[in-house]
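Here's the structure, in structure tokens; my notes come after.
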């Protein structure tokens, strides 16, 4: 995701929310978790306005949505008689034309990272695999894996690889 012109959090996050708002990934139709990687330059801009990680997650959750008509393909697959893709929505959620459907159930389902260097104003959205998987998140200290160039190997014994 690229945004080279916005000089405020809303502009940057609107671009990320736009990347999140497509029906071409599993989060759109099944919920679950997703990951947003904010590039360093975007992160500096967002932080300079005093926004916190929670502010960013909540903004993306409120704005990274799809229209019910798109998710249900014009209600062709909606009950009765059909199976709507977004079957993981809570039972109480209105399944009606014009409703906005969040791609994840809560802001906490957006895993937020800052990564990259001075390559430009880029960030990334990585959709998840609905509720069929659970992300494993943990901090990895350099002392655990050794320094770069030391001939270190991938350590994958516990199911998560450390580079």
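Structure above, values below:
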quantity	calculated
Residues residue 113 and residue 67, FRET efficiency given R0 of 25 Å [Cβ-Cβ distance, rounded to 0.05]	0.30
Of all DSSP beta bridges in segment 9-130, antiparallel share, percent nearest 5	55 percent
Cα-based shape type of segment 9-130, given that a ≥ b ≥ c are square roots of the gyration tensor eigenvalues and the cut on a/c is 1.5	prolate
Segment 9-130, relative contact order in percent, only Cα pairs under 8 angstrom and at least six apart counted	49 percent
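Values quoted throughout were computed directly from the atomic coordinates according to the rules given, and no laboratory measurement underlies them. All values reported here derive from a predicted model rather than from experimental measurement. Quick reminder, even Gly has a Cβ in these numbers, built from the backbone with ideal geometry, and neighbours come from all protein chains shown.
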